[in-house]
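Asker: Please read through the structure below; I'll follow up with questions.
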């Protein structure tokens, strides 16, 4: 290769690099296992009127290499944990000698669409429940087993396995009726500045998505892909743990995973994802 | 046996004779490096997969030495030519002496 050609290549590389860094969401399309086409960009739900016009999956803000990991179940490291949860699903535990499978049979039939509607108002309990809370309710009251710690390994793997059976379905979390009070609480948290840095969720994920905060590419903070496999810690991460990380980054005292505050926030943030496909388990950096 | 170890392999069901195919393998394994310490300051002993091999009808395709810097759940992807119908045999060797094996058949067509 001549010197001239080399220089030309160097020039092109030099020019394209900053362009690639500049940006908002890319225009890739997500098709999982060459068959399931996913909705990763769609018109924002009505309650976001005036805030954002379009809701965009966090997938669009990641590099091509990270994106591709989510396109094939073999490449998706989150599936390791889904497999582990499937083993737990079939294993009897607790004083009643029951496994999840004894009541709920095959999750591929019984858990379809569950994740898309959670967090959800539970009439009997009179509270808004997340998937993990519902699982723990089963464990304690029906199996006579110990409740899992919130967002701990097994709990988050089970949530991912249950969520997988809603993959490709649009998020449709109910925000009216008895859940409305929790939703309002979550909304207020979303827009309230906290911590020494005085940042609200909205400052990063509504006002500045697509921009960089130091080396991190800000997304809209959509949670349609949770639990998410993160390359940084090589495991599945629950949404409350992610919230905790964000609140900590504002240099505030955080709430605990599983607390009422985070349940409210999860309900509100999940409702911002309404219309996007459930992606769990997704892959991010 | 280290806990939670499960090998996975993805091989096309068939290929043209002489074609190069892509093989993907992944084994769930904690790959403890031996460099970390627990809360009381004791070194957590090394426990990794140290070797991976793939053979096709008895002929070696790839033989990999894995080192402690390789992260958890090692994923190995490689290409192989398929001269004839037969069977791929995959073998992972654990530090603790365990050997995990799995096989995949491939047809010509």
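Quick note: the coordinates plus some simple rules give every number you see, no bench work behind them. All figures in this text were calculated on a predicted structure; none of them were measured in a lab. Glycine also receives a Cβ, built like all others from the backbone with ideal geometry; neighbour counts cover every protein chain displayed.
Asker: Quick check for you: which residues of segment A:185-199 have the amide N under 14 Å from the point 7 Å beyond the Cα of residue A:253 toward its beta carbon?
Answerer: A:195-196
Asker: From the square roots a ≥ b ≥ c of the eigenvalues of the alpha-carbon gyration tensor of segment A:113-182, which class results: rounded (a/c under 1.5), prolate (a/b over b/c), or oblate?
Answerer: oblate
Asker: Tell me, what is the percent relative contact order of segment A:182-231, built from C-alpha pairs under 8 Å that lie six or more residues apart?
Answerer: About 20 percent, as a whole number.
Asker: Percent of Cα-Cα pairs more than 16 Å apart in segment A:16-128, please.
Answerer: 77 percent
Asker: Right, here's the next one. Return A:68, A:282, A:166 ranked ascending by Cβ neighbour count within 10 Å, so the fewest neighbours appear first.
Answerer: A:68, A:166, A:282
Asker: Sticking with this one: Normalised by the number of residues in segment A:29-108, what is the relative contact order in percent for Cα pairs under 8 Å and 6+ residues apart?
Answerer: Relative contact order, segment A:29-108: 19 percent.
Asker: So, one more: Which residue, A:51, A:85, A:270, tops the fluctuation ranking in a GNM of chain A built on C-alpha contacts under 10 Å?
Answerer: A:51
Asker: For chain A, what's the relative contact order in percent, using C-alpha pairs closer than 8 Å and at least 6 residues apart?
Answerer: 26 percent
Asker: How long is the gain from residue B:107 to residue B:85 if the chain were fully straight, where each residue apart is worth 0.36 nm and the alpha carbon distance is subtracted?
Answerer: 7.4 nm
Asker: As a footprinting exposure proxy, order B:92, A:148, A:89 by other Cβ within 10 Å, with the fewest listed first.
Answerer: With the fewest neighbours first, B:92, A:148, A:89 line up as A:89, A:148, B:92.
Asker: Once you treat every alpha carbon in segment A:130-285 as an equal point and sum by Debye, what is log10 I(q)/I(0) at q = 0.09, 0.12, 0.15, 0.16 Å⁻¹?
Answerer: For segment A:130-285 at q = 0.09, 0.12, 0.15, 0.16 Å⁻¹, log10 I(q)/I(0) is -0.29, -0.52, -0.83, -0.95.
Asker: While we're looking at this one, here's another question. Calculate I(q)/I(0) for chain B by the Debye formula, one identical point scatterer on each C-alpha and no solvent, and give its log10 at q = 0.11, 0.13, 0.14 Å⁻¹ to two decimals.
Answerer: Reported log10 I(q)/I(0), two decimals: -0.40, -0.52, -0.59.
Asker: Here's another thing I want to ask about it. Does the protein assembly as shown come out rounded, prolate or oblate, given a ≥ b ≥ c as the square roots of the eigenvalues of its C-alpha gyration tensor, rounded meaning a/c under 1.5 and, failing that, prolate meaning a/b above b/c?
Answerer: Here the protein assembly as shown falls in the oblate category.
Asker: How many nm separate the modelled label positions at residue B:10 and residue A:213, each set 7 Å beyond the Cα in the direction of the Cβ?
Answerer: About 3.3 nm, to one decimal.
Asker: Where the centre of each part is set by its Cα atoms, how far does segment B:52-78 sit from segment A:22-84, in angstrom?
Answerer: Between the Cα centres of segment B:52-78 and segment A:22-84 lies a distance of 31 Å.
Asker: Using the count of nearby Cβ atoms within 10 Å as a rough guide to exposure, how do A:217, A:240 rank from fewest to most?
Answerer: Lowest to highest Cβ neighbour count: A:217, A:240.
Asker: Would you please classify the overall shape of segment A:75-149 from the alpha carbon gyration tensor, given that a ≥ b ≥ c denote the square roots of the eigenvalues, rounded means a/c under 1.5, and beyond that prolate means a/b larger than b/c while oblate covers the rest?
Answerer: oblate
Asker: Here's another thing I want to ask about it. With each run of n ≥ 4 DSSP H residues scored as -39500 (n - 2.57), what mean residue ellipticity at 222 nm is computed for chain A after dividing by its residue count and rounding to the nearest 500 deg cm²/dmol?
Answerer: -11000 deg cm²/dmol, from helical runs alone.
Asker: Hey, got the Cα dimensions of segment A:44-193 along the principal axes, in Å, largest first?
Answerer: Its Cα atoms span 52, 42, 30 Å along the three principal axes.
Asker: Also: Just subtract the alpha-carbon distance of residue A:109 and residue A:231 from 0.36 nm times their residue separation and send over the number in nm, one decimal.
Answerer: Length gained between residue A:109 and residue A:231: 40.9 nm.
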